[in-house]
Amino acid sequence: MSDDKPTPTAEATGANAMWGGRFASGPDAIMEAINASIGFDKRLAAQDVAGSRAHAAMLAAQGIITDEDRDQIDAGLLTVLSEIDAGTFRFSTALEDIHMNVENRLRELIGPAAGRLHTARSRNDQVALDFRMWVRDQADAAVTGLTALIEALLGQAEAGADLPMPGFTHLQTAQPVTWGHHMMAYVEMFARDRSRFADARARMNECPLGAAALAGTGFPLDRHMTAKALGFDRPTANSLDTVADRDFALEFLAAASITGTHLSRFAEELVIWSSAQFRFVRLSDRFSTGSSIMPQKRNPDAAELVRAKVGRITGAFVGLSTVMKGLAMAYSKDMQEDKEQAFDAADSLMLALAAMEGMVRDMLPQAQNLRAAAASGFSTATDLADWLVREAGLPFRDAHHVVGALVKLAEDTHRDLPDLSLVEMQAVNPAITADVFNVLTVEASVASRTSYGGTAPANVRAQAAAWRERLAAEKTA
């Protein structure tokens, strides 16, 4: 072969023109398959176009490209986005990712001006930008979904502030609480989740654009301009860290994992409560299914699927943590594996939140069954011990011993504490008077728990009202 034979063009060899002249031939099928990410990162199209528009506007403002080029680029990018939204855009695996697919189509639309868009930019800071913007949007969506769930729980709490139900430890009857108090427990739990997403969002709200490949650029960029245009608080401060960082995704997935755990715990209670053995709650037809063979069945499938979603969400967090754990500075191709699991986790989280909100809004507590269960299992034994401390002056440990003896007497005779006679009680401790029967009902028990954070109906209403005010203030802020 002659040394002066012309080098084949990229088109002739199948080489990716975006790589420039470094490679004489394109990747084979296996390399193309493992290298390409367009199958999933096309989901970042809106963020990619928004980032490119902001970048082009900044380049023109800094005199790096002309206003004419900027206008052509902007119009072309809007056309590309409209094609993607309409489903007419043809994605190419050979072009690897969303960035190259958009840029290639932009070149087809506007010609050489498209090539100036990538001035002072790398795919490293471009993908960091796109993914960060997408995760930021998901954090906002999670806060919105959690707020809707909290509002549904508040409705249940307000309606059931006086409704007694058993409070459990070890899934054994412990003390009476109210339905409203139980619902407010989940309000507090999901409110912490909401704050975690908000905290993570605040931390991730720095703009990566302008870090370039890893070292920044010699072009006179205005990174504050692009940061502001894209809704960030500020640009990132270190170019190496910028392209190496996926903490924002890990934090989102960590917050999502904790939220998924809380959703799963609540879902488990709904599965138990809706069973024939408990009959504490009836789920609506919208969130229940039947059996293909057993016509009597009413299955809480939505709750079971919410309970299972935490496996996918937590799996995504563990997966990305494992991808990132051994990477040296700065960018490595390993980080292409950051998106699929994050996409799946976010989808799973939002679906679980929506399903739980729907179940909570529709579910009907079964008051008679809840009250009967609250009164069972010697649930007011602690109230009796407290009464002996307050009224009879017994040390609590002595009172505990007295009540234990009374519980044994009731248990041996197949009765509950309120069914014992005063004579029987006084035989165990003469200081007991008829007033003790005033604390042995579940209504008296829950009403007495007035300490801050306790189950008393007045507390439940006050906490629910405080949350209503807080959420209303947020909406008007």
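The values are calculated or read from the model by the stated rules, or taken from the named source; none is laboratory data. Computed from a predicted structure; not experimentally measured. For neighbour counting, all protein chains shown are included, and Cβ atoms are generated from backbone atoms with ideal geometry for every residue, glycine included. Heavy atoms of the whole protein, side chains included, go into the accessibility calculation; ligands, DNA and RNA do not. Shrake-Rupley method; radii C 1.70, N 1.55, O 1.52, S 1.80 Å.
Scanning the range 80-101 for residues that are exposed (fewer than 13 other Cβ atoms within 10 Å of the Cβ) and either in contact with a His (Cβ under 7 Å, 6 or more places away or on another chain) or not small (Gly, Ala, Ser) (or both) returns ASP85, THR88, ARG90. One residue stands out in the range 114-156 among those that are among the hydroxyl-bearing types (Ser, Thr, Tyr) and in contact with a helix residue (DSSP H, G or I) (Cβ under 8 Å, 6 or more places away or on another chain): the one that is surrounded by the most Cβ atoms within 10 Å (Cβ to Cβ), namely SER122.
Restricting attention to the range 356-378, the residues being within 22 Å of the chain's Cα centre (by Cα) and crowded, with 21+ Cβ neighbours inside 10 Å number 3. Filtering ALA434, ALA473, ALA477, ALA458 for residues that are over 30 Å from MET189 (Cα atoms), surrounded by fewer than 19 Cβ atoms within 10 Å (Cβ to Cβ) and outside the structural domain of ALA198 (by the TED database) leaves a single hit, ALA434.
Within the range 157-186, the residues that satisfy the criterion of being open to solvent by less than 20 Å² (accessible area, probe 1.4 Å) and assigned to a helix (DSSP H, G or I) are ALA157, TRP179, GLY180, MET183, MET184, TYR186.
Note on the range 200-253: among residues that are of a type in the set (S, T, N, Q), in contact with a Gly (Cβ under 8 Å, 6 or more places away or on another chain) and not in a loop (DSSP other than H, G, I, E, B), the one that is least open to solvent (accessible area, probe 1.4 Å) is THR226. Entry remark, the range 335-347: residues being open to solvent by 40 Å² or more (accessible area, probe 1.4 Å) and over 19 Å from LEU129 (Cβ atoms) number 3 in total. Only residues that are part of a helix (DSSP H, G or I) and either surrounded by 18 or more Cβ atoms within 10 Å (Cβ to Cβ) or in contact with a Cys (Cβ under 6 Å, 6 or more places away or on another chain) (or both) were counted in the range 58-73, giving 7.
Cβ contacts < 7 Å: first residue without any contact (Cβ under 8 Å) to a residue 40 or more places away in the chain and farther than 22 Å from TRP134 by Cα, restricted to the range 51-73; second residue open to solvent by 10 Å² or more (accessible area, probe 1.4 Å) and outside any helix (DSSP H, G or I), any location; separation 6+ or different chain. Result? Pairs that qualify, where the first residue is without any contact (Cβ under 8 Å) to a residue 40 or more places away in the chain and farther than 22 Å from TRP134 by Cα and the partner is open to solvent by 10 Å² or more (accessible area, probe 1.4 Å) and outside any helix (DSSP H, G or I), are ALA60/THR66. Between ARG307, ARG312, the distinction of being open to solvent by 20 Å² or more (accessible area, probe 1.4 Å), within 30 Å of GLY167 (Cα to Cα) and basic (Lys, Arg) belongs to ARG307 only. Within the range 187-199, can one find any residue that is aromatic (Phe, Trp, Tyr), closer than 30 Å to PHE266 by Cβ and open to solvent by less than 70 Å² (accessible area, probe 1.4 Å)? So far as the range 187-199 goes, yes, one or more of its residues are aromatic (Phe, Trp, Tyr), closer than 30 Å to PHE266 by Cβ and open to solvent by less than 70 Å² (accessible area, probe 1.4 Å).
Quick check on the range 33-56. Is at least one of its residues under 21 Å from PHE343 (Cβ atoms), assigned to a loop (DSSP other than H, G, I, E, B) and open to solvent by 10 Å² or more (accessible area, probe 1.4 Å)? The answer is yes; a qualifying residue exists. A Cβ distance below 9 Å, combined with a sequence gap of six or more or placement on separate chains, defines the contacts here; from the range 145-168, residues that are closer than 23 Å to ARG194 by Cβ reach residues that are modelled with pLDDT of 95 or more and assigned to a loop (DSSP other than H, G, I, E, B) in the pairs GLN156/MET363.
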